[in-house]
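Engineer: Supplied in structure tokens, the structure appears directly below.
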Amino acid sequence: MQTFDLEARGLRELNSTLHALKGQTNMSAWEVINPKGAHAIAAGLDAPVEVTVKGSTGYYCAGMNKQATVQIKGSAGPGVAENMMSGTVIVEGDASQYAGATGRGGLLVIKGNASSRCGISMKGINIVVHGNIGHMSAFMAQSGTLVVLGDAGEALGDSLYEARLFVRGKVKSLGADCIEKEMRPEHLELLADLLKQAGVDGKAKPEEFTRYGSARKLYNFNIDNADAY
């Protein structure tokens, strides 16, 4: 385990050191101490390493992540795991707004609550939130899966494309073109796998969730409905 004191050595040195790790490295486990809410911690990683941040973080922690596993032992500021490509990001506490925004792959697990716009414009990422999510979550979500064990705020899935949304609790309101959909066997199988990956296997059953998706009326122009656009 490599220990990096962020307060003593600074963010630029931390990220430069982590960026220099390529392929299979024997320096695969890192612990970052004294983060004190710093921004862009462990952003832009591209190696199969494990980074544990011992405290809360600011903006864009683990943004653009590829391959790495980043665990935040606290809460995360806006844009955690923004545009991540692969790997795993785990937030032990709460996450601020637009967690996982534009994410293209990998798994984001938030063990607390997520604020507004969680999963906005997601493009393939899988997000599992143990608690609640705020308003406008999954806005313009294109692909991937958002799983919420708690409740969802207003305008869930507004202007949704083909992302899959599963909510165990109550939904305050659905956004434009987002509707409740049938839960089929393949969705139960997908949910079971994601719940297991996110560490909630046995604490919640796939059958307890409701599936939401696109009504597919917004992004297919129909001349007969021209007056409605």
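Engineer: Output ³J(HN,Hα) for region 87-102: one whole-Hz value per residue in order, computed from phi by the Karplus curve 6.51 cos²θ - 1.76 cosθ + 1.60 with θ = phi - 60°, and x for Gly and Pro.
Structural biologist: x, 9, 10, 10, 10, 6, x, 9, 10, 6, 5, 6, 5, x, 4, 6
Engineer: A follow-up question, please. Once you keep just the Cα pairs under 8 angstrom separated by 6 or more residues, what percentage relative contact order results for region 2-216?
Structural biologist: Working: 719 pairs, mean separation 21.8, N = 215.
Result for region 2-216 is 10 percent.
Engineer: Between residue 20 and residue 50, what is the spin-label point distance in nm, taking each point 7 Å from the Cα along the Cα→C-beta axis?
Structural biologist: Between residue 20 and residue 50, the label points sit 2.3 nm apart.
Engineer: Quick one: which residues, 5+ away or cross-chain, put their amide H under 5 Å from the amide H of residue 164? H built at 1.01 Å from N.
Structural biologist: HN-HN under 5 Å from residue 164: 144, 145, 146.
Engineer: Given a cut-off of 21 Å, name the pairs among 54/111; 123/205; 36/196; 36/123; 181/205 whose C-alpha atoms lie farther apart than that in the structure shown.
Structural biologist: Numbers: 54/111 15 Å; 123/205 26 Å; 36/196 31 Å; 36/123 31 Å; 181/205 18 Å.
Beyond 21 Å between Cα atoms: 123/205; 36/196; 36/123.
Engineer: Also: Could you tell me how many degrees, from 0 to 90 and to the nearest 10, lie between the Cα long axis of helix 185-197 and the main elongation axis, the longest principal axis, of the Cα atoms of the chain?
Structural biologist: Helix 185-197 and the main axis of the chain meet at about 20 degrees.
Engineer: Which cross-chain or sequence-distant (5 or more) residues have an amide H under 5 Å from the amide H of residue 118, H modelled 1.01 Å from N in plane?
Structural biologist: 98, 99, 134, 137, 138
Engineer: Using 0.36 nm times the number of residues separating residue 66 and residue 7, minus their current alpha carbon distance, what extension gain do you get?
Structural biologist: Values: separation 59, 0.36 × 59 = 21.24 nm, distance 2.52 nm.
Difference between extended and current length: 18.7 nm.
Engineer: Sticking with this one: Assuming R0 = 25 Å, what is the FRET efficiency of residue 29 and residue 143, from their Cβ-Cβ distance, to the nearest 0.05?
Structural biologist: Numbers: r = 32 Å, r/R0 = 1.28.
My answer for the efficiency is 0.20.
Engineer: Counting alpha carbon pairs within less than 8 Å and at least 6 residues apart, what relative contact order, in whole percent, applies to region 42-114?
Structural biologist: On the way: 244 pairs, mean separation 18.9, N = 73.
Relative contact order here is 26 percent.
Engineer: With charges set only on the Cβ (+1 for Lys and Arg, -1 for Asp and Glu), what does the dipole of the chain come to about its Cα centre, in debye to the nearest 20?
Structural biologist: Working: 23 positive and 24 negative charges, 54 e Å.
Using Cβ point charges on Lys, Arg, Asp and Glu, the chain gives about 260 debye.
Engineer: What order, most packed first, do the peptides 39-48, 10-19 have when packing is the mean number of other Cβ atoms within 10 Å of each residue?
Structural biologist: Details: 39-48: 20.9, 10-19: 15.1.
For the peptides 39-48, 10-19, the packing ranking is 39-48, 10-19.
Engineer: For region 81-135 and region 1-19, what is the separation of their C-alpha centers, rounded to whole Å?
Structural biologist: 24 Å
Engineer: Right, here's the next one. Roughly speaking, what is the stretch gain from residue 192 to residue 39, that is 0.36 nm per residue apart minus the C-alpha to C-alpha distance, in nm to one decimal?
Structural biologist: Working: separation 153, 0.36 × 153 = 55.08 nm, distance 3.38 nm.
51.7 nm is the gain from fully extending residue 192 to residue 39.
Engineer: What net charge is computed for the residues neighbouring residue 158, neighbours being all others with C-beta under 11 Å from the C-beta of residue 158, Lys and Arg scored +1, Asp and Glu -1? Display every interim value, and only then the final one.
Structural biologist: Numbers: positive: 117; negative: 154, 177.
My count for the surroundings of residue 158 gives -1.
Engineer: List the lysines whose Cα sits under 16 Å from the Cα of residue 22, skipping any in the same chain fewer than 8 residues away.
Structural biologist: Candidates past the 8-residue exclusion: 66.
Engineer: Here's another thing I want to ask about it. Between residue 205 and residue 218, what is 0.36 nm times their sequence separation minus the Cα-Cα distance? Round to one decimal in nm. Don't skip to the end; give the middle numbers.
Structural biologist: On the way: separation 13, 0.36 × 13 = 4.68 nm, distance 3.22 nm.
Roughly 1.5 nm would be gained on extension.
Where a number appears in this text, it was derived from the coordinates with a stated rule and is not lab data. Just so we're clear, the structure is a prediction, and the values are computed from it rather than from any experiment. Heads up, the Cβs are rebuilt from the backbone with ideal geometry, glycines too, and the neighbour counts pull from every protein chain shown.
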